Structures are given as C-alpha cells and as structure tokens.
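Okay, structure first, notes after.
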Amino acid sequence: MEKQFIYADNAATTKMSDVAVRAMLPYLQEIYANASSVHLLGQRSAAALFSARQQVAQVLNCAPKEVFFTSGGSEADNQALISAAALGKKQGKCHIVSTAMEHHAILHTLEALEAQGFTVTLLRPQADGIVTATQVAEAITDTTCLISVMYANNETGAIQPIREIGALCRKRGVLFHTDAVQAAGHLTINVQRDNIDMLSLSAHKFHGPKGIGLLFAKSNIQLTSLIRGGGQERGKRAGTENLPSIIGLATALKDAQEHMQQNTAYITGLRDALRNGLDKIDGAGFNGRYVNLKKLAGAVFNGSREHCLPGTVNYSFQGVNGETLLSLLSNEGICCSSGSACSAGSLEPSHVLLALGLSHETAKSALRFSLCEYNTMDEVQTIITKVTEAVNRLRR
C-alpha cells in the first residue's frame with residue numbers, strides 16, 4: 001500500500017491546480033506554434049501570449065508592456081539587480097541597499113556586483129524578521145542606486161512594510177525592487193499603490209508550473225539583457241516563449257487573486273491551530289480523543305506573529321537537530337523543511353534565522369511548515385502530534 005504523505009512544504013513549491021493544468025493543455029498539443037511566426041497558427045499563439053500578459057498586468061496593476069516573462073524568480077531577481085546596477089553606474093551611483101535575509105538569488109548577485117566595484121549595505125531585520133522603513137532611510141546615501149527588499153520572507157513568512165519603503169524610495173529618487181516570490185498569489189500586490197519599480201515572482205509558488213516566472217519593470221527602466229539572441233520579450237529576454245507555462249502562470253495567478261479572500265481565511269485558521277499546538281500542547285484531545293502528550297517545552301517561534309503570510313510557520317526546537325527531526329517526520333509521512341529549499345542539505349544554519357539574532361544551535365533546530373488551501377485541520381493535528389512525539393523522542 002502506497003504511503004500517505006502530509007505535504008506542508010508549500011513555500012518550497014506547490015501542487016499545480018486543476019485550473020492551471022486545464023488551461024495549459026491546449027498549448028501543448030493544439031496551439032503549439034511559435035508566437036514569433038507570422039502564419040495563422042503563430043499568430044494564435046501570439047494572441048494567447050498577449051492575453052496572458054494582460055491577465056498578469058491586471059493582477060499587478062501595471063501595463064502589459066511592463067511584464068517580462070522569465071524562467072523563474074531567480075532569473076528575474078538577477079535581471080532586476082544587474083539592470084539597476086548598470087543604470088546606477090552610468091549616473092556614478094554604485095551603492096545598493098538590501099537585507100541580510102534575502103533569497104540567495106539576491107545575495108549571490110549582490111556578491112557578484114561587489115566584485116565589480118559596487119558597495120552593498122545589508123540591513124539586519126529586527127527580532128521579528130522585519131526591516132523597517134527607518135532602517136532603509138538611514139542606509140540611503142547620495143550614491144545609492146537601488147533598494148531591494150523582499151515582500152515576504154521565504155523562511156519565516158514575515159511580511160515587510162513594502163508600501164512604506166516604496167514611498168520612501170520614490171521620495172528619495174532611488175529605484176525600488178522587491179522579490180515577491182513568496183507573496184504573489186497570497187497577498188494583494190499593487191505595484192502602483194506600493195510604489196514598486198521592479199518586482200519578481202515565480203509561478204510554482206501559487207499552484208502554477210515550475211520553470212516560469214516574471215519580472216515587472218516600469219516602462220522607464222532600461223533592462224539589461226541576460227540572455228541574448230532573438231527579439232522576444234521586447235528584446236530583453238531572448239528565446240522562444242514557453243507559452244504553455246506562461247498560460248499556466250497567468251491562469252494560476254488570476255485564480256489565486258479571485259479566491260484570495262476565502263483561501264486566506266481558511267489557511268490562516270490552519271496556521272493558527274498549528275501555532276497553538278506547537279506553542280503549548282497540554283494533553284487536550286484531538287478529534288474528541290484524549291491524547292497523553294507532554295508540554296512541548298523549548299519551542300521558539302521565529303518571525304512575526306502579526307505580519308506574516310497566511311500559511312508559514314517557523315519554530316526552533318531547542319536541544320534538537322533540525323535535520324534529524326526533519327528525517328523522523330519524513331519517515332512519518334510529514335513533508336516540511338528546515339529552511340529554504342534552495343539551501344537544502346547545507347550544513348550551515350539558516351542565514352535568515354542568524355540574521356534575526358538566533359544562535360547557531362537554535363537556528364539549526366528550526367523547522368518550517370508552510371500550508372495551503374489543500375491542507376486540512378486533521379493534517380494539522382497530525383503534524384502537532386508527530387512533531388511532539390519526535391521532539392520528545394530526540395530529547396530523551
């Protein structure tokens with residue numbers, strides 16, 4: 001009999017929705033022509049491509065010409081930073097401000113830019129995982145060409161004051177980019193309201209396909225091409241467009257936007273139940289049954305309880321190695337993570353949790369659970385039970 005799993009690792013990737021799969025199918029076998037071809041079939045593909053771009057633009061509140069499809073969030077992050085750096089260099093401005101908890105697609109690109117002579121200021125978040133607009137304001141200098149702050153953190157789920165930071169950047173005349181990979185599809189994003197100049201997202205975080213993302217860039221920003229060749233994406237991203245995946249991205253994003261209110265309410269209920277269970281398990285029964293569980297002592301919540309994504313929960317379990325705990329839970333059919341999926345297998349503790357001021361030992365005892373609308377309350381209760389049993393077993 002096949003083992004049943006409880007999937008609580010949606011911050012790493014999500015299951016594709018039925019609506020996204022159905023939308024993609026015609027573009028795999030029927031409307032498959034190259035969107036750059038001038039014949040009728042090619043023009044059908046071109047029309048579908050433009051329609052998808054319009055759908056995305058409506059969700060983000062931007063112009064279709066400001067949407068550039070990429071292979072994912074990492075490519076979009078790279079192009080945003082490299083483009084802003086090139087523009088800044090022309091103006092004699094070679095200083096960039098970001099945070100110490102960014103995704104490695106940002107941090108590693110900043111390291112590469114530092115090697116080219118740029119100076120980088122990485123702001124440390126507060127203990128709750130949030131960087132304030134005041135911190136950003138104090139870091140800006142006359143030579144600052146870019147501020148890049150993620151919309152919501154991929155490990156703690158802490159939501160940043162993007163609108164406030166964006167307004168500050170607009171006032172100071174500095175380009176503002178946000179990595180919205182974790183936020184898109186889960187929070188309402190409005191690039192005009194939030195004063196965002198560039199934004200990255202990836203479809204597989206909101207029930208779309210892997211290998212497709214996008215970069216929003218205001219029309220007055222001259223992007224640097226990372227991939228050269230043909231004139232696709234208005235000459236800023238060469239290569240035949242991945243039309244089926246673009247359709248999947250646009251469909252999944254629109255679907256997430258339309259169901260955001262009800263999904264948020266449901267997922268928040270699951271998240272709060274999980275928090276309550278991990279904060280203090282007092283032996284109360286699940287599903288009407290009494291379960292003799294000891295209090296889970298030493299469970300440390302990481303991040304902001306108030307300003308947090310609906311489904312992300314991060315705890316450190318003192319005295320326990322996170323990777324060992326992860327392995328035990330996996331054997332019990334619980335799928336979660338010890339940090340970013342892009343850093344899985346690393347022997348080093350999470351750079352995000354270290355930035356919050358946690359010790360190496362506490363950071364290495366952390367687990368992240370990320371829920372979605374496909375999870376159930378029964379699954380949450382099972383997670384609480386299994387985590388408690390595994391933690392107590394390891395501590396013994």
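The values are calculated or read from the model by the stated rules, or taken from the named source; none is laboratory data. These figures come from a predicted structure and were not determined experimentally. Cβ placement follows ideal geometry from the backbone for every residue including glycine, while neighbour counts extend to all protein chains displayed. Side chains are part of the model used for accessible areas, which takes the heavy atoms of the whole protein and leaves out ligands, DNA and RNA. Shrake-Rupley method; radii C 1.70, N 1.55, O 1.52, S 1.80 Å.
Its Cα gyration tensor gives the stretch 170-229 an equivalent ellipsoid. The semi-axes, each the square root of 5 times an eigenvalue, are 22, 18, 7 Å from largest down.
Counting Cα-Cα pairs of the stretch 1-99 in 5 Å increments starting at 0 gives whole-percent bin shares of 2, 9, 10, 15, 17, 15, 10, 9, 8, 4, 1, 0, 0. Accessible surface calculations at 1.4 Å, restricted to protein heavy atoms, place the chain at 43 Å² per residue.
Proximity of backbone amide H atoms, modeled 1.01 Å from N, is registered between GLU332 and no other residue at under 5 Å, excluding neighbours fewer than 5 places apart on the same chain.
If I compute solvent accessible area with a 1.4 Å probe over the protein chains, what percent of it on the stretch 110-218 is carbon and sulfur? Numbers along the way, then the final one.
Numbers: 1760 of 3620 Å².
On the stretch 110-218, the fraction of accessible area on carbon and sulfur atoms equals 49 percent.
Computed from the C-beta positions of PHE50 and HIS360, the FRET efficiency with R₀ = 56 Å rounds to 0.65. With respect to the chain, whose longest principal axis is taken over its alpha-carbon atoms, helix 260-279 is tilted by about 40°. Charged side chains reduced to their Cβ positions (Lys and Arg at +1, Asp and Glu at -1) give the chain a dipole of some 340 debye around its Cα centre. Karplus-derived 3J(HN,Hα) values for the stretch 230-247, using 6.51 cos²θ - 1.76 cosθ + 1.60 with θ = phi - 60°, are x, x, 5, 6, 6, x, 10, 7, 5, x, 4, 5, 7, 4, x, 6, 4, 4 Hz; glycine and proline are entered as x.
For the stretch 79-121, what is the Kirkwood estimate of the hydrodynamic radius, computed as the reciprocal of the mean inverse distance between distinct Cα atoms, to one decimal in Å? Present the calculation step by step, with values, prior to reporting the outcome.
Numbers: mean 1/r = 0.0965 Å⁻¹.
Across the stretch 79-121, the inverse of the average 1/r is 10.4 Å.
To the nearest ten degrees, helix 322-331 and the longest principal axis of the Cα atoms of the chain are 80 degrees apart.
Over every Cα atom in the chain, the radius of gyration and the widest Cα-Cα span, Dmax, amount to 21.8, 70 Å.
Computed from phi, the 3J(HN,Hα) profile of the stretch 197-208 under the Karplus parametrisation 6.51, -1.76, 1.60 (θ = phi - 60°) reads 8, 9, 8, 10, 8, 9, 5, 6, 8, 9, 6, x Hz, with x in place of Gly and Pro.
Can you tell which of THR362, GLY213, ASN302 lies farthest toward the positive end of the dipole of the chain, using +1 and -1 charges on the Cβ of basic and acidic side chains (Lys, Arg; Asp, Glu)? Result: GLY213, furthest along the dipole toward the positive end. Per-residue packing, averaged as other Cβ atoms within 10 Å, sorts the ranges 324-335, 129-140 into the order 129-140, 324-335, beginning with the highest. Taking every C-alpha pair closer than 8 Å and separated by at least 6 residues, the mean separation divided by the residue count of the chain gives a relative contact order of 22 percent.
If you take the Cα Rg of the stretch 73-161 and divide it by 2.2 N^0.38 Å, with N the number of residues, what do you get? If you can, show how the numbers build up before the last one.
Numbers: Rg = 12.6 Å, N = 89, 2.2 N^0.38 = 12.1 Å.
Cα-based Rg divided by the globular estimate yields 1.04.
I need the shape label for the stretch 348-396. Rule: rounded when a/c is under 1.5, else prolate if a/b > b/c, else oblate, with a, b, c from the alpha carbon gyration tensor. Cα axes put the stretch 348-396 in the oblate bin. Shape call for the stretch 78-223 from the C-alpha gyration tensor, a ≥ b ≥ c root eigenvalues: rounded (a/c under 1.5), prolate (a/b greater than b/c) or oblate? It comes out rounded by the Cα gyration axes. In this structure the amide hydrogen of HIS207, modeled in the peptide plane, comes within under 5 Å of the amide hydrogens of THR14, none closer than 5 places in sequence on its chain.
Tell me, what is the FRET efficiency for GLU348 and GLN222 to the nearest 0.05, using R0 = 35 angstrom and their Cβ-Cβ distance as r?
Working: r = 37 Å, r/R0 = 1.06.
The calculated FRET efficiency here is 0.40.
Rounded to 0.05, the FRET efficiency of the THR143 and THR324 pair, given R0 = 41 Å and the Cβ-Cβ distance, is 0.30. Listed by chain and number, the lysines whose C-alpha is less than 28 Å from the C-alpha of LYS15, apart from same-chain residues fewer than 8 away, are LYS3, LYS205, LYS210, LYS254, LYS364, LYS386.
Put SER350, SER74 in order of accessible area, largest first, 1.4 Å probe: what do you get?
Values: SER350 20, SER74 60 Å².
Highest to lowest solvent-accessible surface, that is SER74, SER350.
Using C-alpha pairs under 8 Å with a sequence gap of at least 6, the mean separation divided by the residue count of the stretch 1-135 gives a relative contact order of 13 percent.
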